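Read through the structure below, which is laid out as structure tokens, and then see the notes.
What follows is calculated from the coordinates using simple rules that are stated; it is not laboratory data. Only a predicted model underlies this, so the values are computations on that prediction, with no experimental measurement involved. For neighbour counting, all protein chains shown are included, and Cβ atoms are generated from backbone atoms with ideal geometry for every residue, glycine included.
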Amino acid sequence: MSTLVQINEMLQKGRAKNVEELVRQALADGLSAKEILNDALIAAMMEVGSKFKENKIYVPEVLIAARAMNAGVAVLKPALTKEGVQPVGKAIICTVKGDLHDIGKNLVKMMLEGVGIECIDLGVDVGGDKVVEAVRESDAKVVCLSALLTTTMTAQKDIIEDLKAAGLRDSVKVMVGGAPVTQSFADSIGADAYTVDAASAAEVALSYFR
Ligand code: B1M
């Protein structure tokens with residue numbers, strides 16, 4: 001059985017220690033961090049999502065799998081983020097109000113840091129008030145909003161409205177993403193950019209500093 005398949009299986013079982021060890025092994029065997037991330041960790045998490053949807057597994061199992069995913073991603077972090085990159089500027093990042101999903105947000109953060117963008121991470125379940133405060137208190141040029149639920153996508157719009165009301169909308173670029181978010185939704189709420197994944201989010205964010 002290949003290491004990628006083993007990682008996938010262990011992640012689905014929520015075995016964080018095994019996932020860590022196998023990810024280390026895969027890196028030592030010369031597999032790229034991107035391959036391990038996409039073909040083992042994210043693929044396994046998608047499988048977890050399908051089983052969750054079909055009621056084959058429940059919240060505790062998903063949480064344990066998410067913990068194993070985070071453990072694997074932590075081992076990959078140095079390889080995913082290029083070390084020694086000069087800081088190019090600051091971005092604020094969070095998962096929006098009502099939403100506790102942070103794996104995608106953490107990946108976006110990691111990729112941004114990988115291209116030299118310093119991230120102010122406001123965490124999860126974040127409303128417009130906190131974002132407005134962070135924009136006021138920092139010289140961040142970019143705000144990244146992640147949403148994983150169809151019910152919380154609209155909180156991205158609320159944050160854009162709060163930035164407008166605070167007179168700060170024009171001082172930052174607002175980027176949105178997350179599984180239910182689409183380009184047309186992003187356009188409809190007046191976001192500056194939508195990207196489908198973390199790597200393209202980093203590319204677009206970087207373009208705002210050039
Ligand atoms: Co939740 N959950 N969850 N969950 N969960 C989903 C999202 C769901 C699709 C599962 C399903 O039914 N198949 C479903 C949403 C349905 C919908 O709204 N359409 C769902 C649900 C319903 C729920 C609850 C309501 C369940 C309940 O309690 N009854 C509940 C809500 C809690 C809340 O947030 N208030 C809930 C809870 C949870 C857990 C806490 C158990 C756990 C989260 C743990 C954690 O994050 N620490 C969890 C998980 C893990 C998932 C699934 C299985 C995996 C999500 C994930 O991490 N994917 C998910 C099913 C799925 O997605 N297939 C599901 C891997 C991650 C790398 O992908 O986050 O999409 P993702 O990020 C991607 C891109 O979207 C993009 O980049 C990443 C890849 O490069 N991206 C951006 C993300 N943010 C971006 C921002 C950008 C650009 C790109 O620019 C700013």
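Observations, loosely collected:
- Counting only GluC sites (Glu not before Pro) that DSSP places in a loop and that have at most 12 other Cβ atoms within 10 Å, the longest clean stretch of the chain runs over 84-210.
- When only the Cβ of Lys, Arg, Asp and Glu is charged (+1, +1, -1, -1), the dipole of segment 89-207 relative to its Cα centre reaches about 100 debye.
- Counting every pair of alpha carbons in segment 49-124, the share spaced more than 20 Å apart comes to 42 percent.
- Rounded to 10°, Cα long-axis angle of helix 198-207 versus longest principal axis of the chain: 30 degrees
- Taking all Cα pairs closer than 8 Å and separated by 6 or more residues, the relative contact order of the chain comes to 17 percent.
- Here the chain is assigned +1 on the Cβ of each Lys and Arg and -1 on the Cβ of each Asp and Glu. Its dipole about the Cα centre then comes out at about 160 debye.
- Other-chain or far-sequence residues with amide H under 5 Å of Tyr194's (modelled H): Val176
- Whole-percent P(r), the chain, all Cα pairs, 10 Å bins from 0: 9, 33, 34, 20, 4, 0.
- For the residue pairs Lys53/Lys97; Lys13/Lys51; Lys34/Lys141, the C-alpha atoms sit more than 24 angstrom apart in Lys34/Lys141.
- Label point distance in nm, Met46-Leu100, each placed 7 Å from Cα along Cα→Cβ: 2.6 nm
- Spatially, segment 96-116 and segment 9-33 are offset by 21 Å when compared through their Cα centroids.
- Amide H contacts under 5 Å for Thr95: Gly123, Val124, Asp125, Val126, Ser146, restricted to partners 5 or more places along the chain or on a different chain, H placed in the peptide plane at 1.01 Å from N.
- Between helix 3-13 and the chain: long-axis angle, C-alpha atoms, 0 to 90°, nearest 10: 70 degrees
- Estimated inter-spin distance, Glu203 and Glu35, nm [label 7 Å along Cα→Cβ]: 2.1 nm
- 3J(HN,Hα) along segment 147-153, derived from phi through the Karplus expression 6.51 cos²θ - 1.76 cosθ + 1.60 where θ = phi - 60°, amounts to 9, 10, 10, 4, 6, 10, 3 Hz, with x in place of Gly and Pro.
- With both labels modelled 7 Å from their Cα along Cα-to-Cβ, the Asp187 to Ile120 distance reads 3.2 nm.
- When shorter helices are ignored and each DSSP H run of at least 4 residues is given -39500 (n - 2.57), the per-residue value for the chain at 222 nm works out to -16000 deg cm²/dmol.
- Summarised as an ellipsoid, segment 3-83 has semi-axes of 22, 11, 11 Å, derived from the eigenvalues of the Cα gyration tensor scaled by 5 and square-rooted, with the largest first.
- Shape category assigned to segment 89-207 from the gyration tensor of Cα positions, a/c cut at 1.5: rounded
- Angle between the chain longest axis and helix 128-137 axis [Cα atoms, degrees, rounded to 10]: 70 degrees
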